[in-house]
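No lab work stands behind these numbers, since they all come straight from the coordinates. Keep in mind it's a predicted model, so treat the numbers as computed, not measured. Glycine also receives a Cβ, built like all others from the backbone with ideal geometry; neighbour counts cover every protein chain displayed.
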Amino acid sequence: MQKSSLIEKAFLLKKTTLFAGVDLDLLLSLADKATMGTFEAQEPIFGACQEGSRLYVVADGRIALFCPEKTLLGEVKSPDFFGDEALFNDRPRGYSATALENSALLSITKMHLLSFMNECPSALINLMQIWANGTLYRDRT
């Protein structure tokens, strides 16, 4: 998979429901701090009960989300995001994530996301609306 340019990462962020209303110029600063990673089919991304330190945006591929009992909660694909709830509740992750096929994920650290939301409250408002509407990770599929 090719390395993504700064503008490609910013456009990917812009496609998500979380950052759709944010000005592209502001997203460039967040995209600059985001990292692109690849995962092979069946490779775990994180496990249930792990500390959450990153939010993930699917650039390519499909990701399965499982509850701790290994029941499928749902699948996410581009431009969905997941892993956000553990960044804000200071509890371990309530589910695991595994790549179903070769996948590319843009990841943003908790520190960078919180800093961005401090500078751009509209992104925080978007996240609160997503949660308030009941569209958590299991409902965004």
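Specify which labelled value, from (i) 8.0; (ii) 7.5; (iii) 10.0, agrees with mean projected area of the Cα convex hull in nm² derived from the coordinates of the model shown.
Only one listed value fits the structure, namely (ii).
Go ahead and collect, in residue order, the members of the range 80-113 whose backbone nitrogen is under 13 Å from a label point 7 Å along the Cα-Cβ direction of K70.
Of the residues in the range 80-113, none has backbone N under 13 Å from the label point off K70.
Which entries of K9/K110; K33/K70; K9/K70; K33/K110 show an alpha-carbon separation above 21 angstrom in the structure shown? All intermediate terms of the calculation are to be shown ahead of the outcome.
Working: K9/K110 17 Å; K33/K70 32 Å; K9/K70 31 Å; K33/K110 11 Å.
Listed pairs above 21 Å: K33/K70; K9/K70.
How about K77: which aspartates and glutamates have a C-alpha closer than 20 Å to its C-alpha, ignoring those fewer than 8 places off in the same chain?
K77 reaches E8, E40, E43, D60, E85, E101, D139.
Normalising by the residue count of the range 35-126, find the relative contact order in percent from Cα pairs under 8 Å and 6+ residues apart.
Working: 199 pairs, mean separation 38.3, N = 92.
Result for the range 35-126 is 42 percent.
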